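Shown next, in structure tokens, is the structure this report addresses.
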Amino acid sequence: MLKAKLSLSLVSCLFWACSTDKRHRLDAVSQATLSIPDLSPGEAAAGKRVQVTPIEYSGTEVYHTVYLPGDWEADGSSLPIIFEYTGNYFPKSGSTGEVKDAGLGYGLSGGKYIWVSLPCIHENLRENQVTWWGSETATVDYAKVNVPRIIQQYNANPDAVFLCGFSRGAIGVNYLGLHDDEVAKLWTAFITHDHFDGIREWKQTEWGTPLSEYRKKANARLNRIANRPYLVCQNGDKYGTEAFVRERLKSMQNFIFIDVRTNEIFGEFPHPLAKSAHTDMWALLPSGYRVQTWQWMNEVVETAQ
């Protein structure tokens, strides 16, 4: 149940009574298989996915990607927007750690939202980081500067701002997106897939060990969610994410947990879209899990109107 405590049907009725723009609504029962748009040269435009280096990083290889839906209009109705942090470089799962190879945000939004894949910034401040955070300060500051800028530049709906992440990015939803009060204010709702901030120790990192210290800081980030909608997806919850959250928050009314069995979606691995079960590509294919996810996202957007 979302914080508004309205049923999906009631929320939908209220929404359709006051809005005629249905472009953002995800067709939860769609059987379509989605294809992530290739990167195109040039400036962002309707139906294009492009690479963008902000002015602060001019002359470097630091960049994010932007996809604008085919019916996007610069002066038209505002569309929801989904920001994404992608996984680590991990060849076993097929994850390259590269911004350009992200896919979760496109699948989750069905190609109907503005979709932005955000980078982690290397310590040298001249390229993107493909494993963990690089410079935490630079990475968080990148979001603080560019998220409001992108929302304004592309006429996105400031009340329908999703932050999602896969694997490293799933941890990053909280670790980066809730790093402090300033960056935490940017988002309307959150989606993670495979992993969650504070669950397990990450040895050979300064930030993820010892577990007791890591969890203390993760708890502070967790509390910055407040009552905003949060969807946790896991391909088997072997780390006990739901129990972890339940032990730390007074209320979990804003949380939904889905056990996304990717082997049921893809059949077997490797698959043309996914090298292993640990994948951000699951929402590209129709499944009951995608139905649940898209219904939840519709409710979030319609409640935010």
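The values are calculated or read from the model by the stated rules, or taken from the named source; none is laboratory data. Everything numeric here is computed off the predicted structure, so don't read it as measured data. Here Cβ is always computed from backbone atoms with ideal geometry, including for glycine, and neighbour counts include all displayed protein chains.
Below is a table of values for the structure above.
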| item | result |
| --- | --- |
| Candidate set: the range 271-305, residues that are more than 21 Å from ASP237 (Cβ to Cβ) and polar (S, T, N, Q); chosen: the one modelled with the highest pLDDT | ASN298 |
| Failed item in (1) touching a residue at least 24 places away in the same chain (Cβ under 8 Å); (2) under 18 Å from the mean Cα position of the chain (by Cα); (3) surrounded by fewer than 23 Cβ atoms within 10 Å (Cβ to Cβ), with ASN155 passing the rest | (2) |
| TRP115 being buried (at least 18 other Cβ atoms within 10 Å of the Cβ), farther than 28 Å from PRO286 by Cβ and not hydroxyl-bearing (Ser, Thr, Tyr) | no |
| From the options LEU104, LEU118, residue that is in contact (Cβ under 8 Å) with a residue 60 or more places away in the chain and among the aliphatic types (A, V, I, L, M) | LEU104 |
| Residue match in the range 194-217 (condition: within 21 Å of ALA283 (Cβ to Cβ) and among the aliphatic types (A, V, I, L, M)) | no |
| For TRP282: the one exception among (1) touching a His at 6+ places or on another chain (Cβ under 8 Å); (2) at positive phi; (3) not polar (S, T, N, Q) | (2) |
| Single condition HIS179 does not satisfy, out of (1) under 18 Å from VAL232 (Cα atoms); (2) assigned to a loop (DSSP other than H, G, I, E, B) | (1) |
| Subset of the range 205-219 (residues that are under 19 Å from GLY165 (Cα atoms) and surrounded by fewer than 17 Cβ atoms within 10 Å (Cβ to Cβ)) | TRP207, ASN219 |
| Hits in the range 246-275 (condition: surrounded by fewer than 17 Cβ atoms within 10 Å (Cβ to Cβ) and over 18 Å from LEU231 (Cβ atoms)) | GLU247, LYS250, ASN263, GLU264, GLY267, GLU268, PHE269, PRO270, PRO272 |
| In the range 80-104, residue nearest to VAL300 (Cα to Cα) [restricted to those that are crowded, with 24+ Cβ neighbours inside 10 Å and out of contact with any Leu (no Cβ under 8 Å at 6 or more places or on another chain)] | PRO80 |
| Residues being touching a helix residue (DSSP H, G or I) at 6+ places or on another chain (Cβ under 9 Å), of a type outside the set (Gly, Ala, Ser) and part of a loop (DSSP other than H, G, I, E, B) - total across the range 28-53 | 5 |
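Residue by residue, here is whether (1) under 27 Å from VAL140 (Cα atoms); (2) in contact with a helix residue (DSSP H, G or I) (Cβ under 9 Å, 6 or more places away or on another chain) holds:
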site	(1), (2)
LEU222	yes, yes
TYR230	yes, yes
TYR239	yes, no
ALA243	no, no
GLU264	no, yes
PRO270	no, no
LEU273	no, yes
THR279	yes, yes
ARG290	no, yes
